[in-house]
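Shown next, in structure tokens, is the structure this report addresses.
Just so it is clear, none of the values below were taken in a lab; they were calculated from the coordinates. As the structure is a computational prediction, the values presented were derived from the model and not from experiment. Cβ atoms come from the backbone with ideal geometry, glycine included; neighbour counts cover every protein chain shown.
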Amino acid sequence: MSALYRTALPFTPAYARDIGFGQYEFRPDVVRGVPLYLYDEAYPGGRRVNPNAFVIPVEARQGTAPRNGVRAFPLSQIDLSLKKRVPLGRVRLDVGLDIFNVFNRPQFDRPEIEVGTSRFGLATQSLANGLGTGANGRGLSPLFQPGGPRSVQLVVRAGF
């Protein structure tokens, strides 16, 4: 059995603005007195970043939001591996069963960071789908990544 735990990774809310020679990302301003997170079971993971906690400045500048000042979701996953060696005369049979994410607990990736969009602050994908994806859309299989759905793997190996 193995356990995988990780605290919530930080991220920075941003907005894009064309400043005359291309699009650049800036940090927004923080609205004082407004809660940073909204909690409700209707949101993925039970929480979202409050879109009313940030405002885009009128002029193109870095806002008052701190870099990496918002937290995503923590990771908590239990994996289980069972193995048995069965001798069959001169042949040795190894049988194994691996179960990833035993309790099938959903794990969410970083929320959308673009301030001013309808999806800002919402987690839109699982952690496993957000890991290992390159620019071409191909990457590691989400099935066996941390944060993926429960998956079971049966292994049988014969040794002579």
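To check my understanding: the extent here is largest minus smallest coordinate of the Cα atoms along each principal axis. What are those three numbers for the chain, in Å, largest first?
79, 37, 22
Tally Lys/Arg at +1 and Asp/Glu at -1 over every other residue whose Cβ is under 13 Å from the Cβ of Pro111; what's the total?
It works out to a net charge of +2.
Quick one: putting +1 on the C-beta of Lys and Arg, -1 on the C-beta of Asp and Glu, what dipole do you get for the chain around its Cα centre, in Debye to the nearest 20?
On the way: 20 positive and 12 negative charges, 172 e Å.
Roughly 820 debye for the chain.
Roughly how far apart, in whole Å, are the Cα centres of region 1-44 and region 59-74?
6 Å
Shape verdict for region 1-54, please, from the Cα gyration tensor: rounded (a/c under 1.5), prolate (a/b greater than b/c) or oblate.
Oblate.
What net charge is computed for the residues neighbouring Asp40, neighbours being all others with C-beta under 15 Å from the C-beta of Asp40, Lys and Arg scored +1, Asp and Glu -1?
Once positives and negatives cancel, what remains is +1.
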